[in-house]
Amino acid sequence: MLLFALGFLLVLLQPSSGQFPRVCANMQSLLSKECCPPWDGDGSPCGELSSRGSCQNILLSQAPLGPQFPFSGVDDREEWPSVFYNRTCRCEGNFMGYNCGECKFGFSGLNCTERQVKTRRNIFQLTTTEKNKFLAYLNLAKHTPSQDYVIATGTYAQMNNGSNPMFRDINVYDLFVWMHYYASRDTLLGGSNVWRDIDFAHEAPGFLPWHRAFLLMWERQIQRITGDENFTIPYWDWRDAEDCEVCNDEYMGGRHPTDPNLLSPASIFFSWQVICTRSEEYNSQQALCSATGEGPIIRNPGNNDKSRTPRLPSSADVEFCLSLTQYESGPMDKMANYSFRNTLEGFADPQTAISNPSQSGLHNALHIYMNGSMSQVQGSANDPIFVLHHAFVDSIFERWLRRHRPMLEVYPAANAPIGHNRENYMVPFIPLYRNGEFFKPSRELGYDYAYLQEPALQSFQDFLTPYLQQARQIWAWLVGAAVFGSVVTAVLTRQIRACWKKKGGTSSEIQPLLIESEDYNNITYQSNF
């Protein structure tokens with residue numbers, strides 16, 4: 001009984017996914033380039049003695065990249081995470097984590113064999129108790145130091161190639177703000193030079209899988225620090241909204257009575273400090289965000305530039321986006337046309353799917369509409385509306401996956417912008433995840449959306465949709481083939497009749513026995529066509 005209780009405790013206290021594992025943020029690990037911590041359950045690296053995993057060389061994708069980033073060897077995020085570590089834990093079966101101490105998404109239990117599917121719900125369908133608990137969990141994350149992860153405050157070169165580690169503690173909520181910043185920050189080229197056309201989480205195929213993984217990790221961290229294993233992120237369905245429906249003190253914070261750019265003092269988010277919002281300052285100093293407080297959350301919803309974002313997205317915008325059959329196209333960046341990903345991200349017109357970066361649609365429209373901390377990419381996760389928004393964006397991605405049922409090969413294997421090929425590891429996650437691992441239905445990752453749990457008839461219609469679309473594309477060929485078949489049949493029939501007439505009729509005396517009477521009921525007619 002004691003052993004069972006100990007095992008159960010280890011599952012509850014298992015490390016979650018994040019950035020630099022604390023146990024690997026030291027000179028020895030950096031100089032050896034190895035991050036293979038022991039699993040507490042048996043004390044062996046990666047839980048090898050318990051067959052959970054083993055320490056292995058990382059396998060980097062060799063597929064060619066797109067032309068958007070013309071440099072090599074200047075950014076720590078290139079071929080992630082090889083600048084910092086080239087040996088990490090490779091977990092077996094359903095085990096996961098930087099030391100193989102946790103279960104893969106969608107599994108639970110002592111041996112990670114129990115499948116589970118949890119449901120994310122509309123925030124307006126939560127009870128008052130559930131809603132208040134969610135807000136309290138957010139605030140707890142903001143004030144709880146991460147036990148397992150730290151952040152880097154300098155580049156690998158600034159760390160003297162590992163001999164001078166530069167890391168610091170961070171709270172659980174800000175850990176995810178920092179990761180979002182780190183994935184989207186500019187490349188520091190030395191002096192005052194930077195390269196801005198780079199982003200490991202946006203403007204390319206990995207946008208949707210990256211944020212799917214990000215939300216799953218965030219969800220698991222909340223489950224861990226609260227002990228609430230059933231917690232799921234709620235979503236805000238913003239289709240056809242006339243204003244920011246969650247921007248009040250009952251939910252995500254109302255407007256300040258005297259300063260429209262600030263939150264109401266009655267909101268629990270009023271006292272929150274943002275981090276990683278001063279990109280130009282970091283660039284001029286050739287420095288990384290150190291996660292120090294930089295002021296309150298800024299939000300002034302609706303007072304944005306209307307020429308760029310005239311309105312919030314509509315149901316029609318979403319439906320058109322879902323009708324697009326190509327996940328990715330062309331240059332696979334923000335200039336891609338007829339791309340589901342680019343249209344949902346908001347760089348293509350939601351009514352034509354033609355790229356227009358000067359306008360902001362769908363996902364981008366919400367960020368711009370919030371007119372504050374949410375509107376700057378690197379620091380956008382500071383506003384807790386971020387998680388509600390991205391949960392709904394992820395649900396639209398899920399609808400597309402269910403409607404079109406793409407094979408993994410639909411996700412680009414090569415020539416995408418840096419970090420976005422199918423087999424590239426996502427920056428800056430440790431343990432390592434490849435982009436393609438999250439290009440799959442949500443139920444395989446252990447979660448679903450309440451509004452997608454539709455009746456069986458709708459599910460059957462969704463199943464038929466891709467086949468009906470294919471049929472529409474080839475209908476002309478089908479009609480042509482039918483006409484051709486009819487002509488051939490008519491010609492053959494006339495020739496056969498002519499032959500019979502030449503042979504002198506079709507009397508019963510010379511007709512062949514076509515079928516035995518006892519076999520008649522066993523015959524079925526089949527058409528090869």
Legend entry - Contour minus Cα-Cα distance for Phe124 and Asn26 (0.36 nm per residue): 30.8 nm
Inset, instruction - Pull up all non-local amide H partners of Asn415: gap of 5 or more, or a different chain, and H-to-H distance under 5 Å with H placed in the peptide plane. - result: Leu65, Gly66
Inset, instruction - Take the alpha carbon gyration tensor of the stretch 128-193, find the square roots of its eigenvalues, order them as a ≥ b ≥ c, and report rounded if a/c is under 1.5; if not, report prolate when a/b exceeds b/c, else oblate. - result: oblate
Inset, instruction - Run through the DSSP bridge list for the stretch 22-449 and note the antiparallel percent, rounded to the nearest 5. - result: 75
Inset, instruction - Evaluate the distance, in nm, between pseudo-label points positioned 7 Å from the Cα of Tyr156 and of Ile354 along their respective Cα→Cβ axes. - result: 4.4
Inset, instruction - Using the charge dipole of the stretch 122-216 (Lys, Arg: +1 at Cβ; Asp, Glu: -1 at Cβ; taken about the Cα centre), state which of Met159, Ala204, Asn139 has its Cα farthest towards the positive end. - result: Asn139
Inset, instruction - Using only the Cα atoms of the stretch 201-306, build the gyration tensor, take square roots of its eigenvalues as a ≥ b ≥ c, and label the shape rounded, prolate or oblate: rounded if a/c is under 1.5, else prolate if a/b is larger than b/c, else oblate. - result: rounded
Inset, instruction - Tell me which residues come under 5 Å, amide H to amide H, from Arg120 once H is placed; ignore anything under 5 positions away on its chain. - result: Asp448, Tyr449, Ala450
Legend entry - Additional length obtainable on full extension of the chain from Asn132 to Asp259, 0.36 nm per residue less Cα span: 43.2 nm
Inset, instruction - Based on the mean of other Cβ atoms within 10 Å per residue, sort peptides 30-36, 106-112, 359-365 so the most packed one is first. - result: 359-365, 30-36, 106-112
Inset, instruction - Report the accessible area of Glu437, computed with a 1.4 Å probe over the heavy atoms of all protein chains in place, in Å² rounded to the nearest 10. - result: 80
Inset, instruction - Using the Karplus curve 6.51 cos²θ - 1.76 cosθ + 1.60 with θ = phi - 60°, work out ³J(HN,Hα) for each residue of the stretch 108-116 in order, rounded to whole Hz, and write x for Gly and Pro. - result: 8, x, 4, 10, 6, 10, 8, 6, 8
Inset, instruction - Obtain the nm distance between the two label points defined at Arg196 and Ser307 by a simple spin-label model: each point lies 7 Å from its Cα along the Cα-to-C-beta direction. - result: 1.8
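So what is the accessible area of the stretch 22-449 per residue, in Å², with the probe set to 1.4 Å? Please report the intermediate quantities before stating the final value.
Working: 16050 Å² over 428 residues.
It amounts to 38 Å² per residue over the stretch 22-449.
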Inset, instruction - Compute the length gained on full extension between Ser50 and Ser323: take 0.36 nm times their separation in residues and subtract their Cα-Cα distance, giving the result in nm to one decimal. - result: 93.5 nm
Inset, instruction - Using Cα centres only, tell me the gap between the stretch 338-373 and the stretch 66-108 in whole Å. - result: 29
Legend entry - Under Karplus coefficients 6.51, -1.76 and 1.60, residue-wise ³J(HN,Hα) of the stretch 239-256 in Hz, glycine/proline x: 4, 6, 5, 8, 7, 7, 5, 9, 8, 8, 5, 6, 10, 9, x, x, 7, 5
Legend entry - Where N is the number of residues in the stretch 22-449, Cα Rg divided by 2.2 N^0.38 Å: 0.95
Legend entry - Shape of the stretch 83-209, Cα gyration tensor, a/c cut at 1.5: prolate
Inset, instruction - Per residue of the stretch 402-419, in order, report the coupling 6.51 cos²θ - 1.76 cosθ + 1.60 (Karplus, θ = phi - 60°) as ³J(HN,Hα) in whole Hz, putting x for Gly and Pro. - result: 6, 6, 9, 6, x, 6, 4, 5, 5, 6, x, 8, 8, 6, 7, x, 3, x
Legend entry - Amide H contacts of Leu189 (H built 1.01 Å from N, under 5 Å, at least 5 apart or other chain): Val194, Trp195
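The values are calculated or read from the model by the stated rules, or taken from the named source; none is laboratory data. None of these values were measured; they are calculated from a predicted model. Cβ: placed from backbone, ideal geometry, glycine included. Neighbour counts: every protein chain shown. Ligands, DNA and RNA are excluded from the accessible area calculation, which covers all protein heavy atoms including side chains. Shrake-Rupley method; radii C 1.70, N 1.55, O 1.52, S 1.80 Å.
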